[in-house]
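Every number in this text was worked out from the coordinates using simple rules, so none of it is lab data. Because the structure is predicted, anything quoted here is derived from the model rather than measured. With ideal geometry, Cβ positions are generated from the backbone for all residues, glycine too; neighbour counts draw on all protein chains shown.
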Amino acid sequence: MNRRHFIQSVAAATGCAYAACRRPIQPWFHKDGLGLFLHWGPCSVGQVEIGWSMYRNHNRPNPYWPPEKYNALADRFDPREYDPDRWLAAAAKAGFKYTALTVRHHDGYALWPSQYGAFGTRQRMKGRDLVRPFVEACRKNGLKVGFYYSPTDWNFCPAGWPHRSFPRRDPFFLATFPEKTLGMPKYVDMPPAELQKYADVFYAYLKGQIGELLTRYGKIDLLWWDGWDWPGGIDLHGQAMTDFVRKLQPEIVQNDRYAVREKGLQFGDYNTDFEARDPAKRPDGAWEQCDMICGGWSYKGEKAVCKSAAQMIERFVRDRAWGGNYLPDFGPRADGTMSPKYYAICEELAAWMKYGAESVFDVEAGPYPAASDVPVTCRRNTWYLHFLSRQQRTATLSGVGTPSSAKVLRTGASVPWKKDGDRVVLTLPSERQADIDEVVTVLWT
């Protein structure tokens, strides 16, 4: 069980229904469907995982432990070729609609010159702001602006704190767990009232940074939190934080990872349970699946094995068929460029989007698998049937009437079908099938 699964289990124990008590999400989120996740920072210099490589036993042997060695990567993080406009022009062409850039991950490195904290571009890059060019490039290319921000900081250690990564008990950064079934490291032994005092200090730091992010760059469309490391019973000020965020950015969309363990509070606008895994059944409410594409969250070098565009489209389509969003992740390189692999994948996605875009954007979830043996998305009286496998030549629709037409979206070729009671069986024409997701449009009168 990872950290995400653990905090979900605790939330369930408090009696919070996971899809209940949420405000209606901004309409764009469901319509847009495809976001670009970007994990970037000093970790890219060492080509290691962001944040988690501070742990001694992460990917043994770990050349960047103790944490001082990981932190020293920031001295060499100088992205002189940084050009987010090029990243995002390719992303827009590939069909991406929104973004989530890691402006600060668990390692605490701030990509903007924050007046709060002691680890970021203000201290290590002469105050350079890496966030503003990204925001400007998003707007130039028509993508919505999203920030990933972690309300955990394993480098936050002001005077008087027991040790770095407080309130974890282990000062040596072992990624050990008290129980194999739980995903949280041990905590220090301290009375809750005293622990709360430290949590309040940390909250003031978080609020200061969030205030900067939400007032310096104009309208921000998405805030992607990633969970607290404090034990149950500590007031995480979840309601105060959500009120603060809403006051600064009334229309912002937030995920559910800030305070899911806080009893009585259902935080965020949508569900992020399905991190790099497919749901077993259709989730309730708004949801999103994030996914590692090239061997990890951050840049892992040119030898990292990447998922193919076909694999990404398949996961995206399955998410859309169940009413979800897809957030695949890429890691920029240390110099501020993207790997050629990123651009090659974007080109393949763009080729599919030339015909497939209408079947995945501004659509509704279809009756899959209840009434179709292939994933289905819908827009009014049109169904989009997604043939994800080249081996699948037929699709069976159950409990339906008689279609008025069926065509291959890519070519316009008619798709023959036959009626069998309350079933309709469609067969792809014999012409060459698309390499990535052949889509058939079925029109109902």
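Under 19 Å of direct C-alpha separation, and excluding same-chain neighbours fewer than eight residues apart, residue 69 reaches these lysines: 300. Compactness of segment 332-445, taken as the C-alpha radius of gyration over 2.2 N^0.38 Å, stands at 1.24. Applying a DSSP loop filter and a limit of 15 other Cβ atoms within 10 Å to the GluC sites (Glu not before Pro) in segment 45-104 leaves 81.
Mind sorting out which of [x] 75, 49, 42; [y] 65, 59, 44; [z] 74, 51, 37 is the real Cα extents along the principal axes in Å computed from the coordinates? Working out Cα extents along the principal axes in Å from the coordinates points to [x].
Compute the helix-to-body angle for 309-321: its Cα long axis versus the longest principal axis of the chain, expressed 0 to 90° and rounded to tens. Around 80 degrees separate the two axes.
Among 237, 39, sorting on how many other beta-carbon atoms sit within 10 Å of each Cβ, with the fewest leading, yields 237, 39.
The largest-to-smallest principal axis extents of the Cα set in segment 30-178 are 46, 35, 26 Å. Relative to the Cα centre, the charge distribution of segment 36-82, modelled as +1 at Lys and Arg Cβ and -1 at Asp and Glu Cβ, gives a dipole magnitude of about 180 debye.
Listed by Cβ neighbour count within 10 Å, with the fewest neighbours leading, 31, 247 appear as 247, 31. Charge tally around residue 31: other residues with Cβ under 13 Å, Lys/Arg +1 each, Asp/Glu -1 each, net -1.
Here the sum of -39500 (n - 2.57) over DSSP H runs of 4 or more residues, divided by the residues of the chain, equals -7500 deg cm²/dmol at 222 nm, to the nearest 500. In a DSSP loop and with at most 14 other Cβ atoms within 10 Å, the trypsin sites (Lys or Arg not before Pro) in segment 396-445 are 432. In the chain, taking the dipole from charged Cβ atoms about the Cα centre, the farthest positive-side position among 428, 66, 274 is held by 428. Restricting the count to DSSP beta bridges whose residues both fall in the chain, what percent are antiparallel, rounded to a multiple of 5? Of those bridges, close to 55 percent are antiparallel. Taking Cβ atoms as reference points and 11 Å as the exclusive limit, the residues near residue 346 contribute a net charge of +1, counting Lys and Arg as +1 and Asp and Glu as -1. Rounded to whole numbers, the Karplus 3J(HN,Hα) couplings from phi for segment 243-259 are 5, 5, 5, 5, 5, 7, 9, x, 9, 5, 9, 10, 7, 9, 9, 7, 9 Hz, using 6.51 cos²θ - 1.76 cosθ + 1.60 with θ = phi - 60°, and x at Gly and Pro.
As a rough footprinting exposure proxy, the listed residues 134, 156 were ranked by other beta carbons within 10 Å of their own, and the order from fewest upward is 156, 134. For residue 405, the residues 5 or more places off, or on other chains, whose built amide H falls under 5 Å of its own are 443. Magnitude of the charge dipole for segment 3-359, about its Cα centre and with charges confined to Cβ atoms of Lys, Arg (+1) and Asp, Glu (-1), is about 200 debye.
The GluC sites (Glu not before Pro) found in segment 188-272 that occupy coil by DSSP, while having at most 14 further C-beta atoms within 10 Å, are 251. Put simply, the amide H of residue 289, placed in the peptide plane, has neighbours under 5 Å in 325, 326, 327, leaving out anything fewer than 5 places away on its chain.
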